[in-house]
Amino acid sequence: MAGEAAVDVEQQEAAPVIDSASASASDGDADSQAFREAVRSLPSDAVKDLLSAGVCSRCIIRLFGIPGPVCSRPWFSPSIFTELIEMPANSDGNFIDGQTSESEHLTNLAEPVVCSVCLGILQFYHDNDGQLSLSKDGMNDLAASIAELVKQEGHQTDSFSLEVSIPSITLDNERIITSYMDRKYGSQLFSQERPFSECICLKNALKSSITAPLEMLLGVKYGQGPLHIRLTYSESSKTIEKSVEREFGSTSKRRKTGNENGLETVEESANSGIQCNTTGVGHTVVSNAPPNELQHHQSSDLSKLLLEKVRRPCSFSFHCNRDPIYFGGRYLKYSRNVSQTCWMIDEERMGEASVEEIISSCILLMCRGDKYKFHAAGREDIDVRMLGSGRPFLVEIQNPRHVPSDIFLNDIEEKINSSRDKLVRIKNLKLVGSQGWTLMREGEAEKQKQYAALVWISRPLEDPDVLSLSSVRDMCVLQRTPIRVLHRRSPLDREKIIHWMKIERIAGTSQYFILHLCTQAGTYIKEFVHGDLGRTHPSVGSILGCRAEILQLDVTDVKMDVF
């Protein structure tokens, strides 16, 4: 079955791909004629060397540095070199058009089934889960498949970028071939003008060929766009057949390196001095041998320099992904049973909901993204309300299919704020760039926060107590890591600033009052009130000389110049 598949592929590759409608167009004729003239000017001996080494026609084109996305042209035929190879060469070694050489009909120089350099990448021949796949219309079929995926996922974009991942063995084989060709033909004029080592790389050849078809099908331009299309080619487990002993006979030596089970060995050829690493799945990968070792290799047969025999093409996959988008705003939390982020203990949820889930899940759904990340400027405990101007937050939506307009932002805000439970409300929702993270981090270090705390003390509150607390201005407080968070925070001493305090009496009681205060970001307010067994000093309790406890706490303002 594999042999039959190979024959079918070879026959399809040998068949010219000609679009009569495109060929009749004047620009198509001009491109085709210019390309054929460029091919005819190539040295016949060098072309034959590459064909004999199993190099496909598209790789030959890029190795000689012929520019242009020829792979996607409708008039391009993979058999173009096998057609020209039958022509005799002139005194300069170039092909002579219109004549046929009777003495040099080389049937063994046909287009290879699988290219020994690109492993079928530029032949559009893939191994997908053991099934061999050949694209009949080349890059146009591939572009159509990618465009269909983009449209199915519903991505909105005004440009796209291409990313290509190829197996390292293609680079190894390309290095060996270009080194050999530069060494053999380096004295000739064509090689001096453009050495083989300066050829068009495989990735760029693939990108230049697929760009135009994708632009046409997607209706957007190629560039550094937010939509990233990634083509991934990986080496099939059956791609390579070890052939060192076949090429070099019994002079090859094997020695173990690394672990004891022999998963990695090194083969050395006494004839060539070239090393190749053999992995446990039977691959033979050429190592980066020093250039002088390759230069001393005297063999005139290029195939002996390629220590791999290609059996199957690369496996192939592609996917598209859009740059994340960021939403900034402020949230208010009205419940004392809602955590900021999802809080689980022993697989049991703490609280009835979280700010993160209420806001982010709604934005994620309406943007049709994959997942989200939530970040806020500080945090409040689950039993602390967030009031006043609200706390700044940032939501990152990864791989969004829909980018919202200003009207859409208003819809998101309205949907969250009109929730039946009224647990959380948001304001000033807007799209921001990735610099939003920087603004948040910078603001966190500089921000001030205001609180309102319901406090109980063990004795009646007197006028001197009110005066002593209200007179505080920029008081320095030393706080050791609180006992309640010591299990998840480093045991450190932190200096924080209490900028001011104000007392609001409660009618009908002398031991309860509301403490309004403004502090530096990161101050532990609960510990500042009761002292945390002396770990925070001074505290409200130590200033008043009595026991003090905090019963309720609200954040009333977060002073940050953001959102």
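The values are calculated or read from the model by the stated rules, or taken from the named source; none is laboratory data. As the structure is a prediction and not an experimental result, all values here were calculated from the model. FYI the Cβ positions are ideal-geometry reconstructions off the backbone, even for glycines, and counts take in every protein chain you see. Just so you know, the surface numbers come from the protein's heavy atoms only, side chains and all, with ligands and any DNA or RNA stripped out. Shrake-Rupley method; radii C 1.70, N 1.55, O 1.52, S 1.80 Å.
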With the structure loaded, tell me whether Asp411 is without any contact (Cβ under 8 Å) to a residue 40 or more places away in the chain, acidic (Asp, Glu), open to solvent by 50 Å² or more (accessible area, probe 1.4 Å) and not assigned by the TED database to the domain that holds Leu162 or whether it fails that test.
no
Only one of Asp27, Asp49, Asp45 that is open to solvent by 10 Å² or more (accessible area, probe 1.4 Å), farther than 22 Å from Tyr125 by Cα and at pLDDT below 65:
Asp27
Specify the residue that is nearest to Ser234 (Cα to Cα); the eligible residues are those in the stretch 174-190 that are at pLDDT 85 or above and among the aromatic types (Phe, Trp, Tyr).
Tyr180
Which residues, taken from the stretch 314-335, are open to solvent by less than 20 Å² (accessible area, probe 1.4 Å) and more than 24 Å from the chain's Cα centre (by Cα)?
Gly329, Arg330, Tyr331, Leu332, Lys333, Ser335
Just a yes or no: is a residue in the stretch 351-368 open to solvent by 60 Å² or more (accessible area, probe 1.4 Å), at pLDDT 85 or above and not basic (Lys, Arg)?
yes
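Yes or no, residue by residue, for (1) under 29 Å from Tyr334 (Cα atoms); (2) open to solvent by less than 60 Å² (accessible area, probe 1.4 Å); (3) not small (Gly, Ala, Ser):
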position	(1), (2), (3)
Ile457	yes, yes, yes
Leu469	yes, yes, yes
Val472	no, yes, yes
Arg489	yes, no, yes
Met501	yes, yes, yes
Gly534	no, no, no
Thr556	yes, yes, yes
Filter result for Leu553 (in contact (Cβ under 8 Å) with a residue 40 or more places away in the chain and within 27 Å of Ala376 (Cα to Cα)):
yes
Give the residue that is most open to solvent (accessible area, probe 1.4 Å), with candidates limited to residues of the stretch 191-227 that are more than 19 Å from Phe64 (Cβ to Cβ) and charged (D, E, K, R).
Lys221
Test set (1) open to solvent by less than 40 Å² (accessible area, probe 1.4 Å); (2) over 18 Å from Val466 (Cα atoms); (3) in a strand (DSSP E or B) - Leu551 fails condition number
(1)
Can you report the number of residues in the stretch 336-345 which are surrounded by fewer than 18 Cβ atoms within 10 Å (Cβ to Cβ) and closer than 10 Å to Ile382 by Cα?
4
I need the strands (runs of 3 or more DSSP E) fully contained in the stretch 97-173, keeping only those with at least 2 residues that are open to solvent by 50 Å² or more (accessible area, probe 1.4 Å), modelled with pLDDT under 85 and assigned by the TED database to the domain that holds Ile229.
131-134
Going by what's in this entry, would His516 be described as exposed (fewer than 12 other Cβ atoms within 10 Å of the Cβ), under 24 Å from Arg379 (Cα atoms) and not assigned by the TED database to the domain that holds Arg379?
no
Per the list (1) of a type in the set (D, E, K, R); (2) crowded, with 20+ Cβ neighbours inside 10 Å; (3) within 29 Å of Gly522 (Cα to Cα), residue check on Glu348 breaks on (2)
